[in-house]
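The values are calculated or read from the model by the stated rules, or taken from the named source; none is laboratory data. If you're wondering where the values come from, they're calculated on a predicted model, not measured in any experiment. Cβ: placed from backbone, ideal geometry, glycine included. Neighbour counts: every protein chain shown.
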Amino acid sequence: MTENGRSGDNEASLRMANEFVEIANDKLATGIQPLDIASAIRHAAANFTAFAYTHGTDDALDTASVMEEFRQLLENYDKRHRDKARPLTDLERLVEQVKNE
């Protein structure tokens with residue numbers, strides 16, 4: 001969505017995202033598989049994103065921008081979760097070093 005369609009309140013956005021994660025964690029506790037929960041969240045996100053573009057702006061759906069934002073968020077959170085899960089191997093550290101140079 002263009003900047004005209006957003007409030008710019010990143011803090012509120014993160015709070016809302018954390019509420020969705022709480023719901024996902026509740027579903028996880030009931031035995032639903034994590035990838036099934038993730039799929040349901042992506043489905044809901046796609047549905048609501050289309051709704052937001054249709055009702056929140058006169059702009060056409062900006063698929064490239066939405067996908068790029070999702071890719072960046074996904075890679076960032078994947079790195080965070082993996083860093084907590086295990087230490088990086090020597091090869092992974094080297095790859096990260098090369099990426100950052």
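Here are a few things to note about the model shown:
- Of the residues 46, 29, the single one that is free of Cβ contacts under 8 Å to residues at least 24 places away in the same chain, more than 21 Å from residue 10 (Cα to Cα) and out of contact with any helix residue (DSSP H, G or I) (no Cβ under 7 Å at 6 or more places or on another chain) is 29.
- When 68, 75 are checked against the criterion of being surrounded by 11 or more Cβ atoms within 10 Å (Cβ to Cβ), without any contact (Cβ under 8 Å) to a residue 40 or more places away in the chain and in the same structural domain as residue 96 (by TED's automatic domain parsing), 68 stands alone in meeting it.
- Residue 51 meets each of the listed conditions (1) among the aromatic types (Phe, Trp, Tyr); (2) within 20 Å of residue 81 (Cα to Cα); (3) not assigned by TED's automatic domain parsing to the domain that holds residue 81 apart from (2).
- Residue count for the range 47-65, restricted to those that are acidic (Asp, Glu) and surrounded by 10 or more Cβ atoms within 10 Å (Cβ to Cβ): 2
- For the condition at pLDDT below 95, in contact with a Ser or Thr (Cβ under 8 Å, 6 or more places away or on another chain) and either farther than 14 Å from residue 45 by Cβ or not basic (Lys, Arg) (or both), residue 90 does not qualify.
- Qualifying residues in the range 78-87 (those that are loosely packed, with under 10 Cβ neighbours inside 10 Å and assigned to a helix (DSSP H, G or I)) - the one modelled with the highest pLDDT: 81
- Candidates 22, 3, 75, 11, filtered to the one that is modelled with pLDDT of 90 or more, closer than 30 Å to residue 100 by Cα and of a type in the set (Asp, Glu): 75
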